[in-house]
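Everything below concerns the one structure shown next.
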Amino acid sequence: MSSKLRLDKLLSSLGYCTRKDVAMLLREGIITHTLNLPLKSNTKVSHDEILYEGEPLDPPSGMVILMHKPIGYVCSHDDGEGRLVYDLLPERWRLRDPKISTVGRLDKETSGLLLLTDDGALLHRLTSPKHKVPKVYEATLDRPLKGDEGTIFASGTLMLNGEKTPCLPAKLEVIDPTHVKLEIVEGRYHQVRRMFAAVGNHVTALHRSSFGNLTLGDLKAGEYRLIDAQLLSD
Ligand code: URA
């Protein structure tokens, strides 16, 4: 059973309205109780007792979103940076507290599997370098492979420009001379593009197809679904 919170606190934390607005929304019949019990702003309620415009509330905190990030969207909360991945979610989710953040980032020009969560502990665990979550990227290359890239990436000795420690071993799977899959367990800035730059190539298209044991399934670019956080446990 979910714990009880003041109604005004619950609705403002889910981004529906400010705490002050709740009294008015109750008078207007926008916020109601599933069993039509009387409500006040300070009534202690559980999440599943409340309806907003006759609909159950958005998921409570502790949500994990699996998104198919399209090219052209930025993993940032800053509106000045163009189209944001948060623009693909319902507008009020931006006002939630705790805030929803991306688990690591994908570049603006990279598509694929992106996780978002409002669970700070989970976010920390999944992005910590200690927690080596394997991530698979599909890359299109500007030039055909030379042949030694797989050995170099697997060696654990590849140094990226400006970094102090080499990349951890990564697995290269060759599809054809200009198409590969690369599995990495870190999340350094622009890592895949920089790894190919370090061996004299250039990535022209990049897509993340998996994160741990999660894949996109039939999600289309721009779509998302909620997943059970348990799917991310060790
Ligand atoms: N590596 C990159 O170069 N870009 C990404 O978005 C993710 C990994």
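Before moving on, here are some points about what is shown:
- Test: residue in segment 47-66 that is free of Cβ contacts under 8 Å to residues at least 60 places away in the same chain, surrounded by fewer than 16 Cβ atoms within 10 Å (Cβ to Cβ) and more than 25 Å from ASP21 (Cβ to Cβ): no
- Residues in segment 107-133 that are farther than 24 Å from GLY72 by Cβ and hydroxyl-bearing (Ser, Thr, Tyr): SER128 only.
- Flag if LEU106 is buried (at least 18 other Cβ atoms within 10 Å of the Cβ), assigned to a loop (DSSP other than H, G, I, E, B) and within 16 Å of the ligand (Cβ to nearest atom): yes
- Within segment 109-120, the only residue that satisfies the criterion of being surrounded by 21 or more Cβ atoms within 10 Å (Cβ to Cβ) and assigned to a loop (DSSP other than H, G, I, E, B) is ASP118.
- Residue within segment 135-152 that is loosely packed, with under 14 Cβ neighbours inside 10 Å and among the hydrophobic types (A, V, I, L, M, F, W, C) present: no
- Scanning segment 158-178 for residues that are within 24 Å of VAL103 (Cα to Cα), surrounded by 15 or more Cβ atoms within 10 Å (Cβ to Cβ) and polar (S, T, N, Q) returns no hits.
- In segment 78-98, the residue that is farthest from LYS4 (Cα to Cα) out of those that are assigned to a loop (DSSP other than H, G, I, E, B) and modelled with pLDDT of 95 or more is ARG83.
- When residues of segment 31-46 are limited to those that are in a loop (DSSP other than H, G, I, E, B) and hydroxyl-bearing (Ser, Thr, Tyr), the one surrounded by the fewest Cβ atoms within 10 Å (Cβ to Cβ): THR34
- Residue tally, condition hydrophobic (A, V, I, L, M, F, W, C), within 26 Å of HIS131 (Cα to Cα) and near the ligand (Cβ under 8 Å from one of its atoms), over segment 198-222: 1
- Candidate set: segment 88-103, residues that are more than 13 Å from the ligand (Cβ to nearest atom) and of a type in the set (A, V, I, L, M, F, W, C); chosen: the one farthest from the chain's Cα centre (by Cα): LEU95
- Some residue of segment 54-68 being within 16 Å of the ligand (Cβ to nearest atom), in contact with a helix residue (DSSP H, G or I) (Cβ under 8 Å, 6 or more places away or on another chain) and either outside the structural domain of HIS190 (by TED's automatic domain parsing) or outside any helix (DSSP H, G or I) (or both): yes
Here is a yes/no grid of residues against (1) away from the ligand (no atom under 16 Å from the Cβ); (2) buried (at least 18 other Cβ atoms within 10 Å of the Cβ); (3) in contact (Cβ under 8 Å) with a residue 40 or more places away in the chain; (4) under 27 Å from ILE65 (Cβ atoms):
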site: THR127; (1), (2), (3), (4): no, no, yes, yes
site: GLY156; (1), (2), (3), (4): yes, no, no, no
site: VAL180; (1), (2), (3), (4): no, yes, yes, no
site: GLU186; (1), (2), (3), (4): no, no, yes, yes
site: PHE196; (1), (2), (3), (4): no, yes, yes, no
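- Residues located in segment 129-142, provided they are of a type in the set (D, E, K, R) and away from the ligand (no atom under 16 Å from the Cβ): LYS130
The values are calculated or read from the model by the stated rules, or taken from the named source; none is laboratory data. Quick caveat: nothing in here was measured; it's all calculated off a predicted structure. Cβ: placed from backbone, ideal geometry, glycine included. Neighbour counts: every protein chain shown.
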